[in-house]
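See structure below.
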Amino acid sequence: MSIEEPQTEASADQNFLVTGLPSKAALDREAGYRTLAELQDETARAELFSSLEAAAPGFADWIVTALFGGTYQRDGLSPRDRQLVNLGALTALGGVDPQLAGHVRTGLRVGMTRDELIEVFVHLAPYVGVPKALAGLRVATAALAEAEAGTGATTATGATTATGAATGTGTGTGTGPEEATA
C-alpha cells in the first residue's frame, strides 16, 4: 500500500502495526476556508486575519488549515455539537472573550437558539465554577445583543431571536448576569 492511497479503518490499523506510525492526518486548506466562511461571519474572519497577519504572518492560514481544514473535517460531530464543545472549553479556559463571543455568534449560525446558548452557561456552572460561568454568560449576552441589534439575528431556521430586556444586558433590576456576583 502506498502512502498516497486512502486508508480504511482496517488499513489504518494495519499501517500502524507495519510501520509503527499512525495514519497520515488529512489537512485540506480549501475546505478549511470554506468551513470558516460557513461558520463565521465576514467581520469575525476579517478580525482574525488582520490582527494575526500583522503580528505573525502565516499564522492565521495555519490556524484555518489545521483547525478548519483538519479537525473540523473529521466525522463524528455535527457543526452544532462542535459549537457546544467549543463553548464549554472556552468558558472553562476563561480569558478568551473575543473567541468565546465569536463562537456564540457561530452557534446562532449553526442553528442554536438564544435560549440554548444561554443554557450552555447555566449548565456549565457546576463544572467550571460559577465565576467562570457568569463571565461566559456576560460575554454571551453581549454577543447576542450585538447580533440581535445588527440585523435582527436570525437563526438557521429563519426565526428571529428575541431582543430587549430578555437579553440580560442591563435591565437595572439586579437580575442580569452582569449584575450578579459570585
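Read-outs: derived from the displayed coordinates by stated rules, not from any lab. On a predicted model such as this, the values are computed, not experimentally measured, just so you know. Cβ placement follows ideal geometry from the backbone for every residue including glycine, while neighbour counts extend to all protein chains displayed.
Brief remarks follow.
- Under the combined filter of DSSP loop state and at most 14 neighbouring Cβ atoms within 10 Å, region 73-155 retains these trypsin sites (Lys or Arg not before Pro): 74.
- Estimated vicinal HN-Hα couplings, Hz - region 124-138 in sequence order (Karplus 6.51, -1.76, 1.60; Gly, Pro = x): 6, 3, x, 8, 10, x, 4, x, 5, 5, 5, 4, x, 5, 4
- For region 21-88, the alpha-carbon radius of gyration amounts to 1.18 times the rule-of-thumb value 2.2 N^0.38 Å expected for a compact globular protein.
- Among 124-131, 54-61, the peptide with the highest mean count of other Cβ atoms within 10 Å heads the list, and the full ranking is 124-131, 54-61.
- Mean separation of Cα contacts under 8 Å (6+ apart) over length of region 19-118, as relative contact order %: 32
- The phi-based Karplus calculation (6.51 cos²θ - 1.76 cosθ + 1.60; θ = phi - 60°) puts the 3J(HN,Hα) values of region 64-74 at 4, 5, 6, 7, 7, x, x, 4, 5, 8, 6 Hz, whole numbers, x for Gly and Pro.
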